Amino acid sequence: MNKLIRLMSVALMALFFAACSSNSPEATVKSYLKNIQKGDYVAAVALMDIEDENGEFAAMMEEKGKKVIDQKGGIASFEVGKAEISEDGKKANVPYTITFGNGEKKDDKQCVKLDDGKWVIDVDK
């Protein structure tokens, strides 16, 4: 019982700090999508949990992603929902909806994780 109470306390504290911080799962996904919307793939990759010192991954993302996004009229807008944070407070799934320029909508979730106290896009998920 005490272990369950401790786990619940940790989860509630993680939710509290995430909600009060600009470094929240939602803020990370919002920044990531905003960078993709602007076409700044280097900044988008900087929010991921990978090293891309020479920019190869950002270039690949731009080459493949930009083509699909442009075919749909670009990203007109997006909305980021409330994160579902794991019990240990180290991972979260953040729902989002993208509206493309052609009116098409895409609903999805982005997995993020804590890395040295900072929420980053989890490329493994």
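No lab work stands behind these numbers, since they all come straight from the coordinates. As the structure is a prediction and not an experimental result, all values here were calculated from the model. Neighbour counts are summed over all protein chains in view; Cβ atoms, including those assigned to glycine, are modelled from backbone coordinates with ideal geometry.
Is it the case, given these coordinates, that Gln37 is in a strand (DSSP E or B), touching a strand residue (DSSP E or B) at 6+ places or on another chain (Cβ under 8 Å), surrounded by 13 or more Cβ atoms within 10 Å (Cβ to Cβ) and in contact (Cβ under 8 Å) with a residue 40 or more places away in the chain?
Details: in a strand (DSSP E or B): no; touching a strand residue (DSSP E or B) at 6+ places or on another chain (Cβ under 8 Å): yes; surrounded by 13 or more Cβ atoms within 10 Å (Cβ to Cβ): yes; in contact (Cβ under 8 Å) with a residue 40 or more places away in the chain: yes.
Judged against the criteria, Gln37 is not a match.
State whether the residues of the range 56-79 include one that is assigned to a loop (DSSP other than H, G, I, E, B) and closer than 27 Å to Gly117 by Cβ.
The answer is no, given that none of the residues of the range 56-79 is assigned to a loop (DSSP other than H, G, I, E, B) and closer than 27 Å to Gly117 by Cβ.
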Among the residues of the range 87-102, count how many are assigned to a loop (DSSP other than H, G, I, E, B) and without any contact (Cβ under 8 Å) to a residue 24 or more places away in the chain. 0
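Tally the residues that are part of a loop (DSSP other than H, G, I, E, B), among the charged types (D, E, K, R) and in contact (Cβ under 8 Å) with a residue 24 or more places away in the chain, restricting the search to the range 105-123.
Of the residues in that region, 1 qualify.
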